[in-house]
Amino acid sequence: MAVKDAGRAARPGERAPASRAPASRAPAREPERPERRADPAELIQLLTPEGERVEHPDYPLEISAAEVKALYRDLVIVRRIDFEAIALQRQGELGIWASLLGQEAAQVGSGRALGPRDMAFPTYREHGVAWCRGLDPVKLLELFRGVSHGGWDPTEHNFHLYTIVIGSQTLHATGYAMGIQRDGAVGDDGEAVIAYFGDGATSQGDVNEAFIWASVNNAPIVFFCQNNQWAISEPLERQTRTPLFQRANGFGFPGVRVDGNDVLACLAVTRKAMQAAREGQGPTLIEAFTYRMGAHTTTDDPTRYRLSAELESWKLKDPIERVKQYLIRTEQAEMTFFDEVEAEAAAVGSRVRAACLQMPDPPPTSMFDDVLTTQTTQLATERAGFAAYLDSFAAQEPVLAEEGR
Ligand SMILES: Cc1ncc(C[n+]2csc(CCOP(=O)(O)OP(=O)(O)O)c2C)c(N)n1
Ligand SMILES: [Mg+2]
């Protein structure tokens, strides 16, 4: 009986069961955290859609005008990058683009809650998180233009590669978090992982397996689910009949639902969860309740499966507008500030566009470069054979030109 019960979470008022693993490998489970007893219907909000600041007892946030303005700048710039990328796709310069429109606050709020040593594992839509981590947006466009395999160095900005296979990055992230734990980097001055995924991904086996591994190992990870209400054309009710954040209870760690269009709440909630993970208190599931205001990707037409009234109601909860209203209402920003941010965003957009148009196509043989860290004889032979095959076309070119082909 004792063995059977050893891995489960403590019930309220009960002592945490002893971990079976040695302390150095998996720190003992901490006492239950207060969020687990939070009102399940609660949506954590610190800034209303009208731009009014509200308090939450569990998430006190002291934030200066300069910090709010910096968040506003991030929000506007990432929306602009997104806008520019959609236009580039429409003009045939990108193969596809997955828009973040409507999800800027969830991404900027959580992204700005990370420390430099924390590691983020994104999906394909986390352009706002990429921005917060300091990754040049041009790198993102390389992937969507098809001139790179997504090639940035994940260790440079502690921002992992984009993952298209739904949910698989939650397992990678959990494994990475368990590595942090085994390196002894949990505790005072610890580090943690954040794994991003969508509402649709919660139906994947990988995500549920990641929850289990993270829970039983008390791994330093935050699961950040952007519930944007849609998984391509499938609405939320086709994924779950229970609020997503409540699923965490079944896995034995806390779950919270935050207003995903409220950058301040996303910042405060993610900060607290990341800090808990770094200190060794284990995982948290954050459900950022938001809305995908655009199409799933540029290949999708959402008017075929959802009503425009739904979009209109979410426009009233726009993540950028409420910060602007707050800054104006509290007289923390002059109108010139908003003009300056617009101008800066336009400049970033222009730079990204120009860089996209100038991206060189990679040499075809570059596909051999990152197969293995060290070349093998077999790989070198295949590469040489492919190069010779390409050269054979070059030799034919004058003949083809002569024949007018
Ligand atoms: C394993 C797997 N199955 C199916 C797909 C096709 N697919 C791409 S995006 C997507 C929907 C994902 O929805 P969600 O997790 O809510 O994320 P969102 O796109 O809304 O951000 C699906 C099914 C895929 N990429 N990977
Ligand atoms: Mg979704």
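Classify the chain as rounded, prolate or oblate, taking a ≥ b ≥ c as the square roots of the eigenvalues of its Cα gyration tensor: rounded when a/c is under 1.5, otherwise prolate if a/b is larger than b/c and oblate if not.
Numbers: a/c = 2.01, a/b = 1.29, b/c = 1.56.
Since a/c reaches 1.5 but b/c is at least a/b, the shape of the chain is classed as oblate.
Relative to the first principal axis of the alpha-carbon coordinates of the chain, what is the inclination of helix 65-90, with its axis defined by its Cα atoms, in degrees from 0 to 90 and to the nearest 10?
40 degrees
Note the angle between two axes, namely the Cα long axis of helix 377-402 and the longest principal axis of the Cα atoms of the chain, as a number of degrees from 0 to 90, rounded to the nearest 10.
Taking Cα atoms only, the helix is inclined about 40 degrees.
Can you give the FRET efficiency for HIS56 and ASP188, using 1/(1 + (r/R0)^6), R0 = 25 Å, r = Cβ-Cβ distance, to the nearest 0.05? Before the final figure, lay out the partial values.
Details: r = 27 Å, r/R0 = 1.07.
That gives a FRET efficiency of 0.40.
Listed highest first by mean packing, meaning other Cβ atoms within 10 Å per residue, what order do 353-361, 282-290 come in?
Working: 353-361: 12.7, 282-290: 27.6.
Per-residue Cβ counts within 10 Å, averaged per peptide and sorted highest first, yield 282-290, 353-361.
Within the stretch 311-382, list the GluC sites (Glu not before Pro) lying in a DSSP loop whose Cβ has at most 13 other Cβ atoms in a 10 Å radius.
Qualifying residues, ordered by number: GLU331, GLU334.
Provide the packing ranking of 364-376, 135-147, i.e. peptides ordered by the mean count of other C-beta atoms within 10 Å per residue, highest first.
For the peptides 364-376, 135-147, the packing ranking is 135-147, 364-376.
Magnitude of the Cβ-charge dipole of the chain, K/R +1 and D/E -1, about the Cα centre, nearest 20 debye?
Dipole about the Cα centre, nearest 20: 1300 debye.
Can you tell me the 0 to 90 degree angle between the C-alpha axis of helix 319-329 and the longest principal axis of the chain, rounded to 10?
Roughly 60 degrees, rounded to the nearest 10.
Roughly speaking, what is the centre-to-centre gap between the stretch 143-195 and the stretch 297-320 when only Cα atoms are used, to the nearest Å?
Here the two parts' Cα centres lie 30 Å apart.
Report, in deg cm²/dmol and to the nearest 500, the calculated mean residue ellipticity at 222 nm for the chain, where each DSSP H run with n ≥ 4 adds -39500 (n - 2.57) and the sum is divided by the residue count.
-13500 deg cm²/dmol, from helical runs alone.
For ILE44, list long-range residues whose amide hydrogen, built 1.01 Å from N in the peptide plane, is under 5 Å from its own amide hydrogen.
Long-range HN contacts for ILE44: ARG257, VAL258, ASP259.
Between LEU307 and ARG90, what is the FRET efficiency for a Förster distance of 22 Å, r being their Cβ-Cβ separation, to the nearest 0.05?
0.35
Only bridges whose two residues both fall in the chain count here: according to DSSP, what percent of them are antiparallel, nearest 5?
That works out to approximately 10 percent antiparallel.
Report, ordered by chain and residue number, the aspartates and glutamates lying within cross-link reach of LYS272, taken as a straight Cα distance under 12 Å and ignoring same-chain residues fewer than 8 apart.
Straight-distance partners of LYS272: GLU35, ASP58.
By per-residue mean of other Cβ atoms within 10 Å, what is the highest-first order of 387-396, 118-127? Don't skip to the answer; put the middle values down first.
Working: 387-396: 10.0, 118-127: 24.9.
For the peptides 387-396, 118-127, the packing ranking is 118-127, 387-396.
On a straight-distance basis, which lysines could pair with LYS69 in a cross-link, Cα separation under 18 angstrom, same-chain partners fewer than 8 positions away excluded?
LYS324
Laboratory data are not the source of any read-out in this text; all were calculated from the coordinates shown. The model shown is predicted, which means the values in this text are computed figures rather than measured ones. With ideal geometry, Cβ positions are generated from the backbone for all residues, glycine too; neighbour counts draw on all protein chains shown.
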